[in-house]
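Colleague: Sharing a structure below in structure tokens format, with a few things to ask.
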Amino acid sequence: MSDKIINLGTRTTPQGEQYPVALKASALTTHATIVGATGSGKSGLIIGMIEEMVRLGVPTFVCDIKGDIANIAIQPEDSEVRQKMAIRFLTPGGSHGEAVNIFSGIENPDRITSTVTTIFKLMNTKADVASTQHAFLSRIIQERLRARKPCTIVDVLNDVADPPFEYLGILPLEEVFPKQSRGKLAAKLNNLLAAPSFQAWREGVAINIPQLLKCESGRIPVVVYSVAHLVDDAERNFAISMFLEEMLSWMRTLPGTKDLKTCLLMDEMYGVMPPHPANPPTKRPLLTMLKQARAHGLGVVICSQNPMDLDYKG
């Protein structure tokens, strides 16, 4: 893969001469940033890069925050790149694409902390990782995974009302989180599950990266994870963070390589990885991938109208 070339377009000199602009595919394992004002062609460049990835046989994941990447699907059906491409549009919290079960990863032990944090945010309840409520809900999930029991969001609710343990840490559960407090938490969680708008988050395909990469037709997978329809910032950050956490967890299972094996592209970084001290749930998994993905052959391409939207650690 190291000698394969990604063609980005052409450049015109002041004298009117044109020459190609390209880079080695392996260069993307150290990642890339696309910066430009509105209308400068950032989304067009991303779509061009996706087509080049397909040509090279590199599976691609695209986090479509603005909604422009859907244009990748309007390629003529008989075009070479379109025939080689297997596109999937995932729309968490929406129904215009493939619905996504956002809590499908609750059984992922690497995601317990982020999942519990997200649940409290959706309930509009302040409970950081050091709080009793957070520790209690995390323990419920841990106990179910340890016992290899089903671990859906409904199972978690049932255990809130009837916990399978009597101690939280070294102290009796009834002392640190009494039954009355557990009842209030169960009621809040039940209200969340009963809300009609929440149903869209519980149904659909799982964010299972290996499964999404499977393609029986022999075509190259292009998975577009679109959150452009989500107008609420909290919901959008929640959906993106769940996706990035799954990408990070999957990345850690990959063998070491110097070649570009997979690429993740994000078409807008505003609010996703803001400068310190802001720490939205999207920031940690993305920064971790920028630090570690090179060793696993995962290239990350991020796009922004303003470099000040990016934490300097990235």
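Colleague: Pairs, please: C-beta under 6 Å, at least 6 apart or cross-chain, first residue more than 15 Å from LEU265 (Cα to Cα) and open to solvent by 10 Å² or more (accessible area, probe 1.4 Å) and in the stretch 25-42, second at pLDDT below 90 and assigned to a helix (DSSP H, G or I)?
Modeller: Qualifying pairs under 6 Å: GLY36/LYS42.
Colleague: Now, a different point. Find the residue count for the stretch 122-146, including only residues that are touching a residue at least 12 places away in the same chain (Cβ under 8 Å) and farther than 18 Å from GLY183 by Cβ. If you could, list the steps in order and put the result at the bottom.
Modeller: Residues of the stretch 122-146 that are touching a residue at least 12 places away in the same chain (Cβ under 8 Å), as a first pass: 122-123, 125, 129, 132-145.
Right, trim to farther than 18 Å from GLY183 by Cβ and you get 122, 129, 138, 141-145.
Here the count works out to 8.
Colleague: For GLU216, indicate whether it is charged (D, E, K, R) and without any contact (Cβ under 8 Å) to a residue 12 or more places away in the chain.
Modeller: Numbers: charged (D, E, K, R): yes; without any contact (Cβ under 8 Å) to a residue 12 or more places away in the chain: yes.
Judged against the criteria, GLU216 is a match.
Colleague: Output the number of residues of the stretch 150-185 satisfying the condition of being open to solvent by 50 Å² or more (accessible area, probe 1.4 Å), closer than 22 Å to ILE102 by Cβ and over 26 Å from the mean Cα position of the chain (by Cα).
Modeller: Of the residues in that region, 1 qualify.
Colleague: Inside the stretch 87-134, can you point out the residues that are at pLDDT 90 or above, closer than 21 Å to GLU174 by Cα and buried (at least 17 other Cβ atoms within 10 Å of the Cβ)?
Modeller: Across the stretch 87-134, the qualifying residues are GLN133, HIS134.
Colleague: Against the definition (modelled with pLDDT of 90 or more and not in a loop (DSSP other than H, G, I, E, B)), how does MET247 come out, yes or no?
Modeller: Numbers: modelled with pLDDT of 90 or more: yes; not in a loop (DSSP other than H, G, I, E, B): yes.
So MET247 passes the test.
Colleague: Checking GLY16 against (1) at pLDDT below 90; (2) within 27 Å of the chain's Cα centre (by Cα); (3) farther than 26 Å from SER79 by Cα, only one condition comes out false. Which one?
Modeller: The one condition GLY16 does not meet is (2).
Colleague: Which of (1) assigned to a helix (DSSP H, G or I); (2) in contact with an Asp or Glu (Cβ under 9 Å, 6 or more places away or on another chain) does LEU45 not meet, given it meets every other one?
Modeller: So LEU45 meets the others, but not (2).
Colleague: For the list (1) open to solvent by 30 Å² or more (accessible area, probe 1.4 Å); (2) touching a strand residue (DSSP E or B) at 6+ places or on another chain (Cβ under 8 Å); (3) at pLDDT below 85, I need the number of the one condition that ASP78 fails.
Modeller: It is condition (2) that ASP78 fails.
Colleague: Can you tell me which residues in the stretch 196-222 are of a type outside the set (Lys, Arg) and exposed (fewer than 11 other Cβ atoms within 10 Å of the Cβ)? Walk me through how you get there before you give the answer.
Modeller: In the first step, residues of the stretch 196-222 are kept if they are of a type outside the set (Lys, Arg); the result is 196-201, 203-213, 215-218, 220-222.
Within the stretch 196-222, PRO196, SER197, PRO210, GLN211, GLU216, SER217, GLY218 meet the criteria.
Colleague: Another question, then. Would you be able to say whether some residue in the stretch 74-87 is polar (S, T, N, Q) and either in contact with a Ser or Thr (Cβ under 9 Å, 6 or more places away or on another chain) or within 19 Å of GLU246 (Cα to Cα) (or both)? Working first, answer last.
Modeller: Of the stretch 74-87, the ones polar (S, T, N, Q) are 75, 79, 83.
From what is left, the residues that are either in contact with a Ser or Thr (Cβ under 9 Å, 6 or more places away or on another chain) or within 19 Å of GLU246 (Cα to Cα) (or both) are none.
No, the stretch 74-87 has no match at all.
Colleague: Another question, if that's okay. Residues in the stretch 170-190: is at least one in contact with a Lys or Arg (Cβ under 7 Å, 6 or more places away or on another chain) and either within 30 Å of GLN83 (Cα to Cα) or not polar (S, T, N, Q) (or both)? It would help to see each step written out before you state the result.
Modeller: So the first thing to find is which residues in the stretch 170-190 are in contact with a Lys or Arg (Cβ under 7 Å, 6 or more places away or on another chain), and the list is none.
No, the conditions are met nowhere in the stretch 170-190.
Colleague: Does PHE61 count as modelled with pLDDT of 90 or more, of a type in the set (Phe, Trp, Tyr), in contact with a helix residue (DSSP H, G or I) (Cβ under 8 Å, 6 or more places away or on another chain) and open to solvent by 30 Å² or more (accessible area, probe 1.4 Å)?
Modeller: No; evaluated as a whole, the condition is false for this residue.
Colleague: When you go through (1) out of contact with any helix residue (DSSP H, G or I) (no Cβ under 7 Å at 6 or more places or on another chain); (2) buried (at least 22 other Cβ atoms within 10 Å of the Cβ); (3) among the hydroxyl-bearing types (Ser, Thr, Tyr) one by one for THR253, which number turns out not to apply?
Modeller: Unmet for THR253, out of (1) out of contact with any helix residue (DSSP H, G or I) (no Cβ under 7 Å at 6 or more places or on another chain); (2) buried (at least 22 other Cβ atoms within 10 Å of the Cβ); (3) among the hydroxyl-bearing types (Ser, Thr, Tyr): (2).
Colleague: Still on this structure: Restricting to the stretch 8-24, name every residue that is polar (S, T, N, Q), in a loop (DSSP other than H, G, I, E, B) and open to solvent by 80 Å² or more (accessible area, probe 1.4 Å). I'd like the intermediate steps shown before the answer.
Modeller: To start, the set of residues in the stretch 8-24 that are polar (S, T, N, Q) comprises 10, 12-13, 15, 18.
Cutting the leftovers down to in a loop (DSSP other than H, G, I, E, B) gives us 13, 15.
Of everything in the stretch 8-24, just one residue is polar (S, T, N, Q), in a loop (DSSP other than H, G, I, E, B) and open to solvent by 80 Å² or more (accessible area, probe 1.4 Å), namely GLN15.
Colleague: Further, regarding this structure: Is at least one residue of the stretch 266-283 free of Cβ contacts under 8 Å to residues at least 60 places away in the same chain and of a type in the set (Lys, Arg)?
Modeller: Within the stretch 266-283 (the criterion being free of Cβ contacts under 8 Å to residues at least 60 places away in the same chain and of a type in the set (Lys, Arg)), the answer is yes, since at least one residue qualifies.
Colleague: Something else about it: Which of the residues spanning the stretch 269-282 are closer than 30 Å to LYS214 by Cβ and either modelled with pLDDT of 90 or more or not in a loop (DSSP other than H, G, I, E, B) (or both)? Give the steps one after another, and end with the answer.
Modeller: The initial filter retains those residues of the stretch 269-282 that are closer than 30 Å to LYS214 by Cβ, namely 269, 272-273, 281-282.
Correct list: MET269, VAL272, MET273, THR282.
Colleague: When you check VAL224 against the structure, is it over 17 Å from ALA135 (Cα atoms) and touching a strand residue (DSSP E or B) at 6+ places or on another chain (Cβ under 6 Å), yes or no? Spell out the reasoning first.
Modeller: Values: over 17 Å from ALA135 (Cα atoms): yes; touching a strand residue (DSSP E or B) at 6+ places or on another chain (Cβ under 6 Å): yes.
Yes.
Colleague: A further question follows. With the condition kept exactly as written, say whether any residue in the stretch 145-155 is more than 14 Å from LEU189 (Cα to Cα), at pLDDT below 95 and assigned to a helix (DSSP H, G or I). Lay out the reasoning, then the answer.
Modeller: The first filter runs over the stretch 145-155 and keeps only residues more than 14 Å from LEU189 (Cα to Cα), leaving 145-151.
Filter again for at pLDDT below 95, leaving 145-151.
Checking which are assigned to a helix (DSSP H, G or I) leaves us with 145-146.
Taking every residue of the stretch 145-155 in turn, at least one turns out to be more than 14 Å from LEU189 (Cα to Cα), at pLDDT below 95 and assigned to a helix (DSSP H, G or I).
The values are calculated or read from the model by the stated rules, or taken from the named source; none is laboratory data. Keep in mind that what you see is a predicted model, and the values were worked out from it rather than measured. Glycine gets a Cβ as well: all are built from the backbone with ideal geometry, and neighbour counts include every protein chain shown. Heads up: the accessible areas ignore ligands, DNA and RNA and are worked out on the full protein's heavy atoms, side chains in. Shrake-Rupley method; radii C 1.70, N 1.55, O 1.52, S 1.80 Å.
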